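Undergrad: My structure is below; once you've seen it, I'll send some questions.
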Amino acid sequence: MLRFPAAALPLLLLLPAAAHAQAPAATRAADSAYVRAHYQKLDRRIPMRDGVQLYTVIYVPKDAGKGHEYPILMRRTPYSAGPYGEDNYPKAGPGQSRELTREQFIFVTQDVRGRYMSEGEFEEMTPTVPAAHGKDTAKRSKTYGHDESTDTYDTIEWLLKNVPHHNGRVGLMGISYPGFYASAALPDAHPALKAVSPQAPVTDEFMGDDANHHGAFFLLDNFDFMQSFDAPHPGPQPTYTPLFRVEYADAYRFFLDLGPIKNANGPAYFNGRAKTWGEYLAHPTYDAYWQARNIRPHLKNVKPATLVVGGWFDAEDLFGALNTYRAIEQQSPGAQNRLVMGPWTHGAWARPEWNKFGPLRFGQNTAQWYRDNLELRFFNHYLKGKGTFDASEATIFNTGTNQWEQLAAWPPKGSAWALQLQPGGTLRDGQSAGTGGFDEYVSDPQRPVPYTNGIHAERNNEYMVEDQRFASQRPDVLVYQTEPLPADVTVAGPIQARLFASTTGTDADFVVKLIDVLPDSARGWAGGATPAPRAGYQQLVRAEVMRGRFRNSFEKPEAFQPGQVAEVSYQLPDVLHTFKKGHRLMVQVQSTWFPLVDRNPQKFVPIPTAEAADFQKATIRLYHDAQHPSGIVLPVLAR
């Protein structure tokens, strides 16, 4: 989901126009002329079953009906279907990519309820109402209400009746929040909906997407994003006025000076005016609010073909792509469901070019390869009956070899490799001997471990592959590593962390990082925002946080008993990464990751209402002995 105010939006998120803005000026001019020459623009208000009208922009190929019938390709969005007005054409598009626009479909973009030019009330991650689904729409709407599946159903029904020269087939796609609306159309989908591509879809905001990860609040992204997105919507309008504007050069210092998170609701900031921000902080556990906004349980009996797309370096919705695919697989056996995971940040597969990221060089334009070989072929086959779509079950980019792998399943078959933390900072298979072994550090909320090196205003996306030497040198970060590997090892799938820890406080966060350590013989400099010598480079492969109070239940948090050992086990998102011969595997453990994640007071109090006096230092002990085998379990690909 977008997590930045409009003035600071990353270009790749303002799709399709922003991705187009990356192209050369001559290409942009040619695309703009192409859209006017080949598409007729129609602005319509489509009534839903309860009478609410959703503003919908339709682009019909001008040769439709002249021996041509076209499928409908939709995108539903909270980020504006504009430009508005039938004489006001976009500078790019109307497809999500240049390739789709040139292929020609009947493109439809719709403002969802309560956003921009649509009527109605906006709900964050609209809860699914299964009882509202079905053909008897009028009766059901009065009794059960509506959701995004019914709104999509009603929109498709209207389009089929009112837009001529279609071929009766409909597709739906979207990146980020529009990806959620694509997923939400799948339960009891309209029979004309044949192909759906949820891309980086927001899926479960408490467990792993934008708002929280395992109950830990993602402060930096949400504070920046909500100041514009959460502005009031008094009625249909083409623009929003941000709730406030704040600029800072150093996010770490700004959020540290802000103090407890309750201060964000002060007069200079949200001041009680932000509906969704207020809901987030009013629900600090995995209660009915969050559970109703988890789309995964509803992805059953999926009929349309699905192409789920995500990026390994997506700082916002990596969880969403992997778990949307997984939910469909588990609950819709036999569904035509495929997964694509590339070396991309949020939505980067829609950029004209993507052949590098930070210090990494891929040796190919991975975005263009995906669009040509997967996305375009997917929609052509299922919507136009054109060509074949014989992609593997999972098309996955290996971030350690820079190669695409075609896999029959995700995760693929393999074996579990348990690596345990050992005395002296070593990491190996096999249990530690003896009893009572531990390492410890002091976690100080006034000096939290930064999530990235250097001074940054906005989120530094490169943190997901960043050199972790800046963190490993701190006394509040524990470091464990293997000996140099005697052969390549490919890790494919989710990573399981298992910690046995105690604290002198009553609450604690835990951040576990899996790192690929380059050998000292590596030559040259790694590129990126902070160039560093490649020799000894500690490349972050995956990291995840767990709010310790939820170690036993996300619904019923529990305090730690000071000094008592407790198990904290949780899952890190999937990887496909080959650790090469001569490299080392490293695990780092810490208790702050700031300001990406808000600070835990380390005292068992409600964090949204915590006072400055509640924040306290705590000594964290991490145990590694025969009775307390702290470590990680890696899924190793069978070759």
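Bear in mind that the values in this text are calculations on the coordinates, not laboratory data. Model, not experiment: these values are computed from the prediction. Every residue, glycine among them, receives a Cβ derived from its backbone with ideal geometry; neighbour counts consider all protein chains shown.
Undergrad: Normalised by the residues of region 498-639, what does the relative contact order come to in percent, with Cα pairs under 8 Å and at least six apart?
TA: The normalised contact order for region 498-639 reaches 38 percent.
Undergrad: Which lysines, on any chain, are close to Lys581 with Cα under 27 Å apart, when same-chain ones fewer than 8 places away are left out?
TA: Lys356, Lys413, Lys513
Undergrad: Continuing with the same structure: How big is the chain on each of its three principal axes, counting only the C-alpha atoms and giving the largest first in Å?
TA: Extents along the principal axes: 80, 53, 46 Å.
Undergrad: Related question: What nm value, rounded to one decimal, do you get for the distance between Ala416 and Thr388 when each label is placed 7 Å out toward the C-beta?
TA: That separation, rounded to one decimal, is 3.9 nm.
Undergrad: Under a 5 Å amide H to amide H cut-off, with H placed in plane at 1.01 Å, what residues pair with Ala418 once short-range neighbours are removed?
TA: Distant-sequence amide H within range of Ala418: Leu634.
Undergrad: Further, regarding this structure: Rounded to two decimals, what is Rg over Rh for region 229-290 when you use alpha-carbon atoms and the Kirkwood radius?
TA: 1.02
Undergrad: Tell me the angle of helix 148-162 to the major Cα principal axis of the chain, expressed in degrees between 0 and 90 and rounded to the nearest ten.
TA: The angle comes out at about 20 degrees.
Undergrad: So what's the convex hull volume per residue for the Cα atoms of region 535-630, in Å³?
TA: Taking only Cα atoms, region 535-630 has a hull volume of 165 Å³ per residue.
Undergrad: Scan around Lys303 for amide H atoms under 5 Å from its own, H built in the peptide plane at 1.01 Å from N, and keep only partners 5 or more places away or cross-chain.
TA: HN-HN under 5 Å from Lys303: Ala189.
Undergrad: How much length would be gained if the chain were fully extended between Tyr144 and Asn373, taking 0.36 nm per residue of separation minus their Cα-Cα distance, in nm to one decimal?
TA: Result for the pair: 78.2 nm of gain on full extension.
Undergrad: Hey, what's the Kirkwood Rh for region 283-328 if you take every pair of different alpha carbons, in angstrom?
TA: Mean inverse Cα-Cα distance, inverted, gives 12.2 Å.
Undergrad: Next question, about the same structure. Evaluate the Kirkwood expression for the hydrodynamic radius of region 593-639, namely the inverse of the mean inverse distance over all pairs of different C-alpha atoms, and round to one decimal in Å.
TA: After inverting the pairwise mean of 1/r, the radius is 14.4 Å.
Undergrad: Just to confirm the filter: which GluC sites (Glu not before Pro) across region 524-581 are DSSP coil and have at most 13 other Cβ within 10 angstrom of their Cβ?
TA: Numbers: sites: Glu544, Glu555, Glu558, Glu567; in loops: Glu555, Glu558.
Answer in residue order: Glu555.
Undergrad: Please give the contour-minus-distance gain from Thr401 to Thr241: 0.36 nm per residue of separation, less the Cα-Cα distance, rounded to one decimal in nm.
TA: Full extension of this stretch gives 53.0 nm more.
Undergrad: Whole-Hz ³J(HN,Hα) for each residue in region 436-446, computed from phi via Karplus 6.51 cos²θ - 1.76 cosθ + 1.60 with θ = phi - 60°, x for glycine and proline: what do you get?
TA: Values per residue, Gly and Pro as x: x, x, 7, 10, 9, 8, 9, 9, 10, x, 7 Hz.
Undergrad: Still on this structure, please answer the following. Using every pair of alpha-carbon atoms in region 191-263, split the distances into 10 Å bins beginning at 0 and state the percent of pairs per bin, rounded to integers.
TA: Histogram of Cα-Cα distances, whole percents per bin: 14, 33, 33, 15, 4, 1.
Undergrad: Next question, about the same structure. If I take R0 = 56 Å and measure r between the Cβ atoms of Arg253 and Lys62 in this structure, what FRET efficiency does the formula 1/(1 + (r/R0)^6) give, to the nearest 0.05?
TA: Working: r = 55 Å, r/R0 = 0.98.
Taking R0 as 56 Å, the efficiency between Arg253 and Lys62 is 0.55.
Undergrad: Same structure, new question: When a/c reaches 1.5 or more, the comparison of a/b and b/c decides; with that in mind, is region 345-428 rounded, prolate or oblate per its Cα gyration tensor? It would help to have the intermediate numbers written out before the result.
TA: Working: a/c = 3.72, a/b = 1.76, b/c = 2.11.
Here region 345-428 falls in the oblate category.
Undergrad: Continuing with this model, one more query. Evaluate the distance, in nm, between pseudo-label points positioned 7 Å from the Cα of Glu558 and of Thr435 along their respective Cα→Cβ axes.
TA: Between Glu558 and Thr435, the label points sit 2.2 nm apart.
Undergrad: Ordered by residue, what ³J(HN,Hα) values in Hz, to whole numbers, does region 251-267 give under the Karplus form 6.51 cos²θ - 1.76 cosθ + 1.60, where θ = phi - 60° and Gly and Pro are x?
TA: 4, 4, 5, 4, 6, 5, 5, 4, x, x, 4, 4, 5, 5, 8, x, x
Undergrad: Give me D for region 81-190 in µm² s⁻¹, whole number, from Stokes-Einstein with Rh from the Kirkwood sum over alpha-carbon pairs, 10 °C and 1.306 mPa s.
TA: Result for D is 103 µm²/s.
Undergrad: Say the cut-off is 22 Å between C-alpha atoms; which of Lys66/Lys161; Lys91/Lys161; Lys66/Lys384 go over it? All intermediate terms of the calculation are to be shown ahead of the outcome.
TA: On the way: Lys66/Lys161 19 Å; Lys91/Lys161 29 Å; Lys66/Lys384 17 Å.
Over 22 Å apart, Cα to Cα: Lys91/Lys161.
Undergrad: A follow-up question, please. Using 0.36 nm per residue of separation minus the Cα-Cα distance, give me the extension gain between Asp520 and Ala288 in nm, one decimal.
TA: 78.4 nm
Undergrad: What is the diffusion coefficient of region 440-483 in µm²/s, taking the Kirkwood radius over Cα pairs and the Stokes-Einstein relation at 37 °C with a viscosity of 0.692 mPa s?
TA: Estimated via Stokes-Einstein, D reaches 273 µm²/s.
Undergrad: While we're here: So for region 351-493, what percent of the C-alpha to C-alpha distances run longer than 17 Å?
TA: Tail of the P(r) past 17 Å holds 77 percent of the pairs.
Undergrad: Let me ask you something else. Bins of 5 Å, beginning at zero and ending with the bin holding the largest distance: percent of Cα pairs per bin for region 201-338, please.
TA: Each 5 Å bin holds this share of Cα pairs: 2, 9, 16, 17, 17, 15, 12, 7, 4, 2, 0.
Undergrad: Could I ask something else about it? When Rg is the radius of gyration of the Cα atoms in region 444-541 and Rh is its Kirkwood radius, what does Rg/Rh come to?
TA: 0.98
Undergrad: Further question on the same structure: Round to the nearest 0.05 the FRET efficiency obtained for Tyr34 and Arg361 when R0 = 30 Å and r is the Cβ-Cβ distance.
TA: Plugging the Cβ-Cβ distance into 1/(1 + (r/R0)^6) gives 0.40.
Undergrad: Further, regarding this structure: Could you work out [θ]222 nm for the chain from helices alone, using -39500 (n - 2.57) per DSSP H run of at least four and dividing by all its residues? Round to the nearest 500 deg cm²/dmol.
TA: Rounded to the nearest 500, the figure is -5000 deg cm²/dmol.
Undergrad: Something else now. Tell me, what is the percent relative contact order of region 190-275, built from C-alpha pairs under 8 Å that lie six or more residues apart? Walk me through the numbers before you get to the answer.
TA: On the way: 65 pairs, mean separation 17.5, N = 86.
Relative CO of region 190-275 lands at 20 percent.
Undergrad: How about Lys303: which aspartates and glutamates have a C-alpha closer than 16 Å to its C-alpha, ignoring those fewer than 8 places off in the same chain?
TA: By straight Cα distance, Lys303 reaches Asp188, Glu329.
Undergrad: To continue, here is another question. As a test of the definition: which semi-axes, in Å, follow for region 255-396 when you take the square root of five times each eigenvalue of its alpha carbon gyration tensor? Largest first, please.
TA: Listed largest to smallest, the semi-axes of region 255-396 are 36, 23, 12 Å.
Undergrad: Express as a percent, rounded to the nearest 5, the fraction of DSSP beta bridges in the chain (both residues included) that run antiparallel.
TA: On the way: 82 of 112 bridges.
Once the DSSP bridges in the chain are tallied, antiparallel ones form about 75 percent.
Undergrad: How high is the relative contact order of the chain? Use alpha-carbon pairs under 8 Å, at least six apart in sequence, and give a whole percent. Provide the component values of the computation, followed by the final result.
TA: Working: 1529 pairs, mean separation 90.2, N = 639.
Relative contact order comes out at 14 percent.
Undergrad: Something else about it: I'd like the distance between the alpha-carbon centres of region 299-336 and region 522-549, rounded to an integer number of Å.
TA: For region 299-336 versus region 522-549, the Cα centre distance is 28 Å.
Undergrad: Place the peptides 229-242, 198-211 in order of packing, highest mean first, counting for every residue the other Cβ atoms within 10 Å and averaging per peptide. Don't skip to the answer; put the middle values down first.
TA: On the way: 229-242: 14.4, 198-211: 26.5.
The packing order, highest mean first, is 198-211, 229-242.
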